[in-house]
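The values are calculated or read from the model by the stated rules, or taken from the named source; none is laboratory data. If you're wondering where the values come from, they're calculated on a predicted model, not measured in any experiment. Neighbour counts run over all protein chains shown; Cβ positions are idealised from the backbone, glycine included. Quick note on the areas: whole protein, heavy atoms, side chains included, nothing else; ligands and nucleic acids left out. Shrake-Rupley method; radii C 1.70, N 1.55, O 1.52, S 1.80 Å.
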Amino acid sequence: MTDQVTAADSGSTPDIPGKPTSASRTTLSHIMSHNDTNLLGTVHGGVIMKLVDDAAGAVAGRHSGGPAVTASMDEMAFLEPVRVGDLVHVKAQVNWTGRTSMEVGVRVLAERWNESAPPTQVGSAYLVFAAVDADGKPRVVPPVLPETERDKRRYQEAQIRRTHRLARRRAIRELRERRVAEGLED
């Protein structure tokens, strides 16, 4: 694998200069309060999902240089419960870019606000964002340029996830078309 991913490799338009992964990487931190809890007394998964979407949206907007909207969320995994008083860090970066879309990888870490123990990973997710113009129409994004071996691995894994998303969408569409052709409308 080469040191840089070219615009042609990522599916982006070649005349737009690429941006390194570090250019848009960000961390959003938030202390969890009683307002964030579910009936079990731990932080509601939806609160974590919103923080994930907020951080990923900031990264997508930074990378694309303008507005970007959430197109999908893949593989949101909750690994450990988050408690009131935890300081949550949501770390996000662009893993892959297409012509108008970007995959953003997110890791969620938590640590007690009043302790010096290292943070624990409590969640992870992959989101796809579409860059849009003022009229809400798709716009071209710069290719992401992976910098480290970890970035390169994430780029390759993102390509696999994209292939799976497209294959799943195609298989579902074909199944529905077959069912309609057989007169088995839902």
Seminar exercise, completed: Rounded to the nearest 500, the 222 nm mean residue ellipticity computed for the chain from DSSP H runs (n ≥ 4, each -39500 (n - 2.57)) alone is -10500 deg cm²/dmol
Exercise. Using the scaling law 2.2 N^0.38 Å as the reference, what is the normalised Cα Rg of region 139-186?
Worked result: 1.83
For this session: Using a 1.4 Å probe and ignoring any ligands, DNA or RNA, find the accessible area of residue 157 and quote it in Å² to the nearest 10.
Result: 60
Exercise. Rolling a 1.4 angstrom probe over the protein heavy atoms, how many square angstrom per residue are accessible across region 40-186?
Worked result: 55
Exercise. Which percentage, to the nearest 5, of the DSSP beta bridges contained in the chain is antiparallel?
Worked result: 95
Seminar exercise, completed: Spelling it out for residue 132: with amide H atoms placed in the peptide plane at 1.01 Å from N, the residues 5 or more places away or on another chain with amide H under 5 Å from its amide H are 68, 69, 139
Problem set entry | Normalised convex hull volume, region 19-182, alpha-carbon set, Å³ per residue | 151
For this session: Report the local net charge at residue 117: Lys and Arg +1, Asp and Glu -1, summed over other residues whose C-beta lies under 12 Å from its C-beta.
Result: -2
Problem set entry | Relative contact order, percent, the chain [alpha-carbon distance under 8 Å, six or more residues apart] | 27
Exercise. For region 31-58, list residues with backbone N below 11 Å from a point placed 7 Å from the Cα of residue 84 toward its Cβ?
Worked result: 33-38, 41-43
Exercise. Rounded to the nearest 10 Å², what accessible area does residue 49 show when all protein chains are kept and the probe is 1.4 Å?
Worked result: 70
Exercise. How large, in percent, is the carbon and sulfur part of the accessible surface of region 19-182 at a probe radius of 1.4 Å?
Worked result: 53
Exercise. Which semi-axis lengths, in whole Å and largest first, follow from the square roots of five times the eigenvalues of the Cα gyration tensor of region 108-177?
Worked result: 32, 19, 16
Problem set entry | Order by protection proxy (mean Cβ within 10 Å, highest first), peptides 128-138, 34-44, 55-65, 142-152 | 55-65, 142-152, 128-138, 34-44
